[in-house]
1. Could you name every one of the helices (runs of 4 or more DSSP H) located completely within segment B:13-108 that has at least 3 residues being within 13 Å of chain A (Cβ to nearest Cβ) and among the charged types (D, E, K, R)?
2. Would you pick out the residues in segment B:292-311 that are surrounded by 24 or more Cβ atoms within 10 Å (Cβ to Cβ) and assigned to a strand (DSSP E or B)?
3. Determine which single condition A:D134 fails, assuming it passes every other condition in (1) modelled with pLDDT of 95 or more; (2) more than 11 Å from chain B (Cβ to nearest Cβ).
4. Is there a residue being closer than 25 Å to A:Y162 by Cβ and among the aromatic types (F, W, Y) anywhere in segment A:260-275?
5. Looking at A:E202, A:E223, can you tell me which residue is part of a loop (DSSP other than H, G, I, E, B) and within 30 Å of the chain's Cα centre (by Cα)?
6. Test each condition in (1) surrounded by 23 or more Cβ atoms within 10 Å (Cβ to Cβ); (2) part of a loop (DSSP other than H, G, I, E, B); (3) at the interface with chain B (Cβ under 7 Å from one of its Cβ atoms) for A:S121 and report the one that comes out false.
7. Please work out which residue is nearest to the other protein chains (Cβ to nearest Cβ), limiting yourself to segment B:277-291 and to residues that are within 18 Å of the chain's Cα centre (by Cα) and outside any loop (DSSP other than H, G, I, E, B).
8. Starting from residues that are modelled with pLDDT under 95 and of a type in the set (D, E, K, R), keep the ones in segment B:179-198 and report whichever is nearest to the chain's Cα centre (by Cα).
Number of protein chains: 2
Amino acid sequence: MTVTIKDVAKKAKVAPSTVSRVIADHPKITQETKEKVRKVMQELGYHPNLLARKLVTQSSQTIGVIRKMSSKYLLSDPFFPEALQGINDLLRAKKYSILTVNGEAEDEIYQEVVNMVQGKSVDGMILLYSQYQDPVFDFLVEQDFPFTMLGKPTEHSNKVMYVDNDNVKAACDMTEYLIQLGHTRIAYIGGDPKFEVHKDREQGYRQALIQANIQTEHIFRQEVSKENARNVVQQIMAQQPRPTAIVTTDELRAMSILSALYEQKLRVPDDIAVTAFTNSMLSELSSPPLTTMDIHPFQLGYETAKSLVDLLENPKMMKRNILVPATIVTRESCKKM
Amino acid sequence: MTVTIKDVAKKAKVAPSTVSRVIADHPKITQETKEKVRKVMQELGYHPNLLARKLVTQSSQTIGVIRKMSSKYLLSDPFFPEALQGINDLLRAKKYSILTVNGEAEDEIYQEVVNMVQGKSVDGMILLYSQYQDPVFDFLVEQDFPFTMLGKPTEHSNKVMYVDNDNVKAACDMTEYLIQLGHTRIAYIGGDPKFEVHKDREQGYRQALIQANIQTEHIFRQEVSKENARNVVQQIMAQQPRPTAIVTTDELRAMSILSALYEQKLRVPDDIAVTAFTNSMLSELSSPPLTTMDIHPFQLGYETAKSLVDLLENPKMMKRNILVPATIVTRESCKKM
DNA sequence: CTGAAAGCGCTTACAG
DNA sequence: CTGAAAGCGCTTACAG
């Protein structure tokens, strides 16, 4: 029913191997035969079966992209679509397909990853998160399977290639920016430090305070939700003297805080300053627009994919990690004290 | 190097076909042989090569999910992650893998889709958009390739299965809601009607006005951007008498409008009411929280995937389309006149 | 209940 | 420059 290389060969009166070589545009086939074969391919409506090619070449030309939704809010974080777009663009250019895995349940993800690797469905993997004691990570390291991470690994960092911002520096820079604006009482609202990114940003915040000789730190760790935001805002406002600025680690978190402040009729930036990370469209569209650390999600994704492809093309390459500089974009959510 | 079915067969002293049957848990193999073979599989660390299986069974157990980014802002629209999650969950449960295609350039997407179909890389496809005269759509219909759409097709709607809201009704309901609140001058801000969803929602808006005997319609079609929002708000405010409510068709659009109103120091809902569609976290987190038409993106995605799997399992099934009811969620962005 | 054989649709040394 | 042959790793009638 489907037309195969043999059908083309028969009709063109050549061997199947010749047809195969024409498909690959092999240099040693005469222009004449190529044209003849191509004409027949046209006539018969032939299209190579990729599955068969993959089986014989032992290469799937496919990359698995693993995303872990540790909580519902991560689903909406605009960081991921932008990073995925970067991965997508690079891989498309390099003729790789993308097989996605995303889920909440750790063991579901783990099982899918194992199947993909063992079943030879992918040539490499990209992990979109970095978490302490992650079974997927451990499995890939143990199998010595090619993969790269968007985010700094918590261990084996000499064996694994990753792409990340310098999150310590980024958070430190953001906090320093607020200090320069005259703030001295600055709160920090981030996520669970079992994720490397949150651990680093907390540390950056602390570092800035220390360097500025500020004694009191205000660290809040929470899932993003409206209720949590109300809670934190209440706690912050109850302090004497109260903080005048809030560093948050992403846009949804920042929006939840803006929302809680709005309910309390607190004005941003007049009553309190708020900052975010990521710099997607949300920072620009929120009211007021958010001063944000632009971590360049697209480029992070792009470079993560590029590192993986480089590794696949040259398995013996020296490992290298890439740090994408993060830059502050100032908008109306902060002002000089 | 990699251990195959043959290696297992040899060591277990059975035929390769027997090993294959053990993997498939074939009922006619004795428990005894099964155990023997499984033990050897364990010892050797055998894992079936999925590529080989797919080749011989002529089935990829993979679905292609096509997303088209007609503009940058669509990248950040929280509708998509939620819908994709629904697709993901259903397909995982049914043991299908997901191959994603997304891009801006129409011909790039088209080329990838053709390759996937011709190359037998996928068993079916899901289209996450519906657009007039879309080459991908035409190709799939012409090939009679199994696919379902999230969104109502512009043509061939008898041949194609789709899942959607009743967008005419949803927009009509939303407009009527505002009318019930006492608004009579209501503006509508949506997207290009070449996309079916926007065509329908415009129509629903019109329908509500007609039913309420309101003569003047205010329709704005625009890409989402801060500048466009400023522009539209300016136009709306310049009218005499000016509209007192704005229907927008998604959350990012609504946020851009809130943002422009905020700049103009116009208060929502006191000076003007604003509504949105989708009802992701953004509606809840924006300031003020948005009254939104909940279109249940997760369920839309889930049902779209389910329809496709049903079709694949039973190619002769009667076509059926699914409409997911949309429901208004009221929040603080509207109030009685 | 199990095995021998053919075949899925391709690629790639090896000859000539 | 092209062909015949083997093989990628599986599954599945067909026998027995």
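1. Here the list reads B:79-93.
2. Those that are surrounded by 24 or more Cβ atoms within 10 Å (Cβ to Cβ) and assigned to a strand (DSSP E or B): B:T292, B:M293.
3. A:D134 satisfies all of (1) modelled with pLDDT of 95 or more; (2) more than 11 Å from chain B (Cβ to nearest Cβ) except (1).
4. No.
5. A:E223
6. (1)
7. Selected residue: B:M281.
8. Restricting to residues being modelled with pLDDT under 95 and of a type in the set (D, E, K, R), the top hit is B:E196.
The values are calculated or read from the model by the stated rules, or taken from the named source; none is laboratory data. The structure displayed is predicted, hence computed values, not measured ones. When we count neighbours, we look across all protein chains shown, and the Cβ atoms used for this are built from the backbone with ideal geometry, even at glycine.
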